[in-house]
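The block underneath contains the structure these notes are about, expressed in structure tokens.
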Amino acid sequence: MEDAALRSLLRDLQRLPFQREGKVSVLEVLLDYLEIVAVAAGEKPSHLQGQGMRSRSLLEGIEGIAAAHGLRLLRTGVVLQHFHRAPNYDARFFDWETQRERAARAREGQVLWVYRNPDLEPAIRSAADGETDVAGALGYPACCVREYNEIGIRISEAVVRGYQTEHGATELDDFIRLATVGAKVTIPPSAKPHVSHLFSYVQFSPCRRCAESSSSPAAEINWAMKRLATRLSPAFQRAIDKAVSAEVAFRKQQGRR
Ligand SMILES: [Zn+2]
């Protein structure tokens with residue numbers, strides 16, 4: 001798409017009225033718009049809308065605008081976690097958890113994928129089903145996506161350890177009962193993900209190696225996204241910077257409580 005067409009897409013997105021259902025952050029919405037424009041520009045294979053806490057009316061509005069600008073759309077169930085390795089606990093409990101996730105997914109709303117190349121559809125479907133990770137479909141660095149997934153697996157393992165050490169669980173039935181009632185456990189800080197605003201223009205968490213270098217795969221994507229925002233609309237780029245500052249200040253304030 002030419003820059004004029006990209007600017008027109010961005011303008012339409014920025015004019016989109018939507019209800020701020022749930023905890024929709026200004027920064028997340030601006031980065032949603034930037035990602036969609038990056039897809040239209042051919043700089044990103046697809047954009048995922050509606051995973052986690054996002055506004056339903058925003059999703060529907062984006063669907064209409066993306067279609068009007070000639071982008072492809074696909075709705076799937078929410079993206080299931082990809083396991084590049086099995087967690088180190090009772091495989092029967094892991095199976096039970098997997099089935100529970102799939103049952104919950106069937107009850108939840110759908111997510112929306114915005115993309116350009118029709119050949120991407122199989123990659124999107126397998127990422128949504130958790131068969132592969134999202135790196136290929138979303139154009140995120142494999143290292144960052146893998147580390148993020150690894151953190152998810154370690155948290156699951158920490159939860160199971162908590163069931164054993166804090167609730168005395170030993171048998172499969174104990175694990176299932178504790179998971180069903182949502183028993184609380186202490187997650188050690190080492191298992192928790194680090195939140196970084198180092199790369200303001202991307203929606204994925206950079207892995208530790210990427211976060212340490214300004215020429216890493218994650219950093220390169222961040223600079224490319226910033227360049228795109230600046231080229232299309234300096235005001236839009238400044239709005240993202242402003243939203244990042246507000247988010248950082250908000251997190252600091254939360255952290256002090
Ligand atoms: Zn990385």
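The values are calculated or read from the model by the stated rules, or taken from the named source; none is laboratory data. It should be emphasised that the depicted structure is a prediction, and the values quoted were computed from it without experimental measurement. Cβ coordinates were reconstructed from backbone atoms using ideal geometry, including for glycine residues, and neighbour counts include every protein chain displayed.
As a summary of the residue check, ARG92 satisfies the conditions (1) modelled with pLDDT of 95 or more; (2) part of a loop (DSSP other than H, G, I, E, B); (3) under 30 Å from GLY182 (Cα atoms); (4) of a type outside the set (Gly, Ala, Ser) except for the one numbered (2).
Is it the case, given these coordinates, that ILE187 is among the aliphatic types (A, V, I, L, M), within 19 Å of PRO87 (Cα to Cα) and in contact (Cβ under 8 Å) with a residue 24 or more places away in the chain? So ILE187 passes the test. Selection of first residues in segment 134-152 that are at pLDDT 95 or above and of second residues that are part of a helix (DSSP H, G or I) and more than 12 Å from the ligand (Cβ to nearest atom), restricted to Cβ pairs under 6 Å at least 6 apart or on distinct chains, gives the following pairs, ordered by first then second residue: VAL134/ALA127; GLY136/ALA123; ALA137/ALA123; ALA137/ILE124; ALA137/ALA127. Of the helices (runs of 4 or more DSSP H) that lie entirely inside segment 130-206, those containing 2 or more residues that are within 18 Å of SER216 (Cβ to Cβ), within 16 Å of the ligand (Cβ to nearest atom) and among the aliphatic types (A, V, I, L, M) span 135-138, 142-167. Of all residues in segment 208-221, those that are free of Cβ contacts under 8 Å to residues at least 60 places away in the same chain have Cβ atoms under 9 Å from Cβ atoms of residues that are assigned to a loop (DSSP other than H, G, I, E, B) and more than 8 Å from the ligand (Cβ to nearest atom), 6 or more apart or on another chain, in ALA211/HIS194; ALA211/SER196; ALA211/LEU198; ALA211/PHE199; ALA211/SER205; ALA219/LEU198; ALA219/PHE199; ALA219/SER213. Of the residues ARG125, ARG100, the single one that is farther than 30 Å from ALA40 by Cβ and not in a loop (DSSP other than H, G, I, E, B) is ARG100. Take ALA86 and tell me if it is loosely packed, with under 14 Cβ neighbours inside 10 Å, part of a helix (DSSP H, G or I) and without any contact (Cβ under 8 Å) to a residue 40 or more places away in the chain. Considered against the rule, which asks whether it is loosely packed, with under 14 Cβ neighbours inside 10 Å, part of a helix (DSSP H, G or I) and without any contact (Cβ under 8 Å) to a residue 40 or more places away in the chain, ALA86 comes out as no.
If you go through segment 215-227 one residue at a time, how many are within 13 Å of the ligand (Cβ to nearest atom) and either farther than 14 Å from GLY139 by Cα or in contact with a helix residue (DSSP H, G or I) (Cβ under 8 Å, 6 or more places away or on another chain) (or both)? Give the steps one after another, and end with the answer.
In the first step, residues of segment 215-227 are kept if they are within 13 Å of the ligand (Cβ to nearest atom); the result is 215-222.
Add one more test, that the residue is either farther than 14 Å from GLY139 by Cα or in contact with a helix residue (DSSP H, G or I) (Cβ under 8 Å, 6 or more places away or on another chain) (or both), and what stays is 215-219.
Of the residues in that region, 5 qualify.
With the condition kept exactly as written, say whether any residue in segment 217-231 is outside any helix (DSSP H, G or I), closer than 24 Å to VAL145 by Cα and at pLDDT 95 or above.
Residues of segment 217-231 outside any helix (DSSP H, G or I): none.
No, every residue in segment 217-231 fails to be outside any helix (DSSP H, G or I), closer than 24 Å to VAL145 by Cα and at pLDDT 95 or above.
Looking across segment 49-72, the residues that are outside any loop (DSSP other than H, G, I, E, B) and farther than 22 Å from PHE204 by Cβ come down to ARG56, SER57, GLU60, GLY61, GLU63, GLY64, ILE65, ALA67, ALA68.
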